[in-house]
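Engineer: Would you mind keeping the following structure in view while I ask a few things?
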Amino acid sequence: MNSIINYFTVKRWMVLGVVNLLVVASFGVLMRLKVLLPLAFVDQKHIMHAHSHFAFSGWISHALMLLLVMVVHDKSRKERLPGKYQFLLFGNLLVAYGMLATFAYQGYGTYSICFSTLCILLSYVFAYMAWRDIRVSELNLTVQRWFRSALLFLVLSSVGTFYLAYLQKTGSVDTRQQLAAVYFFLHFQYNGWFFFMCMGLANHWLARQGIVLPIGKLVCRVFSWACIPAYMLSILWYNLPMWLYVLLVVVVILQLLAWAMWIWAISRQLPRIRSLLSSSLVKGLLCAVALAASIKFLLQTFSVIPSLSVLAYSFRPIVVGYLHLVLLGVITLFLLAFAFQTGIFSRIRLAGFSVTAFVVGVILNELLLMIQGVGGMVGVYVPHIPIALAVAAGVMLVALVFLCVAVARNSGDAACNVSTRE
């Protein structure tokens, strides 16, 4: 067992994460094909749950945990993580594949719930260990705040999962409470754990280059304090009292302003940042991330209008499009950009082609979901959208196949030196 776990260096863990992303894309294609073909062996709802749970645990959380430990312990691509994290990542990997198999087989059932619970417990262990290591690290204080907030929101998000399990255990048929529990989990994963970790990684890279944004601490504080009340944006259909609605409006505007301030501060340093970025591939990816995140905050601001919020949540393509915008357009593209910029992945031509094709697939997917959603809102049926969505999913899948080949090249790290800085 030790020999297997010690086989994984930072790069190999990240390559495995991209392989997991390929698995996520495969299940996405399967769901699109189920709409078009009579696949009797496929239960659409079960595959959807397997797809989403594995995307969170097998790809995003796997990559974020890896990169956080790499940064805190100052590891390079050829080094191994401290032993306790090697075992934890391996455990998270096993649990993630356990959820993938059990959710695909039975949906929400005894086995899938057991694996989900194990995943949450592992996240608690990781949060505890990482919190202690961050506290004694030499990281920039603002970066530490981003990371610690991310860990807090990771733990907090599990409340939604446990409350949903409680509702199902008690036989509650209140769909509003069930939706509120699901959106609680999604909010603190997407806007807490995922977003804060990416901001921490971005600010860490800037600090390592000697670039300290003067408004960095303020932006971190605004997002930290605003994250909890911003959850109300997901439950506007609960008819919130006026004072809570006013608080929500203020919070959403503050978040938009904080993001605008951060982008403005980055733009002031843009010539220097451009000179430090390693390739046009990384520059393009980061531009796409900034654009997608800006769209996210604008949509979030408009959705504070109750009528628009209720209308948007009434059409599944709108919700799915928004979730994919954040998961793919913001988080996934940022993680790939960070991996290439920090040298975890080598910048070869095949990698550039693959990532470009993947971005094309993401954009196509978002445009089609937007057309489908808007068409549903205005009562206009747009033909052949399901076929086009299957094509977009296929483009992303094929692109990821080539990306896996590209990033796995020259991955033989057998001769690497094992760091003793643990």
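Engineer: Convert each backbone phi in the range 10-19 into a coupling constant with the Karplus relation 6.51 cos²θ - 1.76 cosθ + 1.60 (shift: θ = phi - 60°), then list the ³J(HN,Hα) values in order as whole Hz, x for Gly and Pro.
Structural biologist: 4, 5, 5, 4, 6, 4, 4, x, 5, 4
Engineer: Taking all protein chains together and a probe of 1.4 Å, list H49, H62 from the most accessible to the least accessible.
Structural biologist: H49, H62
Engineer: Continuing with the same structure: Give me the distance between the Cα centres of the range 1-77 and the range 250-287, rounded to whole Å.
Structural biologist: 28 Å
Engineer: When all protein chains stay in place, what accessible area (Å², nearest 10, 1.4 Å probe) is found for S76?
Structural biologist: 60 Å²
Engineer: What accessible area per residue, rounded to a whole number of Å², is obtained for the chain using a probe radius of 1.4 Å?
Structural biologist: I get 45 Å² per residue for the chain.
Engineer: Let me ask you something else. Using a 1.4 Å probe on the protein heavy atoms, what percent of the accessible area of the range 65-118 belongs to carbon and sulfur?
Structural biologist: 68 percent
Engineer: Now a separate question. What's the long-distance tail for the range 206-295, i.e. % of Cα pairs beyond 16 Å?
Structural biologist: In whole percent, the long-distance tail amounts to 63.
Engineer: For Cα extents along the principal axes in Å, pick the label among [x] 59, 51, 43; [y] 105, 56, 42; [z] 88, 45, 36 that corresponds to the value derived from the coordinates.
Structural biologist: Answer label, from the structure shown: [x].
Engineer: Can you tell me, using C-alpha contacts under 8 Å and at least 6 residues apart, the relative contact order of the chain as a whole percent?
Structural biologist: After rounding, I find 19 percent.
Engineer: Within the range 269-311, whose backbone N sits under 15 Å from a point 7 Å along Cα→Cβ of L179?
Structural biologist: Residues 306-311 qualify, since their backbone N sits under 15 Å from the label point.
Engineer: Towards the positive end of the charge dipole of the range 30-143, with charges on Cβ (+1 Lys, Arg; -1 Asp, Glu), say which of I113, G83, L141 has the farthest Cα.
Structural biologist: G83
Engineer: Treating the beta-carbon of each Lys and Arg as +1 and of each Asp and Glu as -1, no other charges, what is the dipole magnitude of the range 78-214 about its Cα centre, to the nearest 20 debye?
Structural biologist: Once rounded to the nearest 20, the dipole reads 220 debye.
Engineer: Could you list log10 I(q)/I(0) for the range 24-112 at q = 0.13, 0.16, 0.22 Å⁻¹, which the Debye formula gives when each Cα is one point scatterer?
Structural biologist: Log10 I(q)/I(0), no solvent term: -0.52, -0.69, -0.98.
Engineer: When the chain is fully extended, how far beyond the present Cα-Cα distance does S137 get from C404, taking 0.36 nm per residue of separation?
Structural biologist: 92.8 nm
Engineer: Whenever you get a sec, compute what percent of the accessible area on the range 243-318 sits on carbon and sulfur atoms (1.4 Å probe).
Structural biologist: Carbon with sulfur: 76 percent of the solvent-accessible area.
Engineer: HN-Hα J couplings of the range 101-112 from phi, Karplus 6.51/-1.76/1.60, θ = phi - 60°, integer Hz, Gly and Pro as x?
Structural biologist: Computed from phi, the couplings for the range 101-112 are 6, 6, 5, 5, 7, 10, x, 6, x, 4, 6, 5 Hz.
Engineer: List the pairs from K45/K84; K11/K283; K45/K169; K45/K296 whose alpha-carbon separation is above 25 Å, in the order I gave them.
Structural biologist: Listed pairs above 25 Å: K45/K84; K45/K296.
Engineer: Turning to a different aspect of this structure: Determine Rg/Rh for the range 284-406; Rg is computed over alpha-carbon atoms and Rh is the Kirkwood hydrodynamic estimate from the same atoms.
Structural biologist: Reported Rg/Rh (Cα atoms, Kirkwood Rh): 1.03.
The values are calculated or read from the model by the stated rules, or taken from the named source; none is laboratory data. As the structure is a computational prediction, the values presented were derived from the model and not from experiment. For neighbour counting, all protein chains shown are included, and Cβ atoms are generated from backbone atoms with ideal geometry for every residue, glycine included. What goes into the accessible areas is simple: the full protein's heavy atoms, side chains included, and nothing from ligands, DNA or RNA. Shrake-Rupley method; radii C 1.70, N 1.55, O 1.52, S 1.80 Å.
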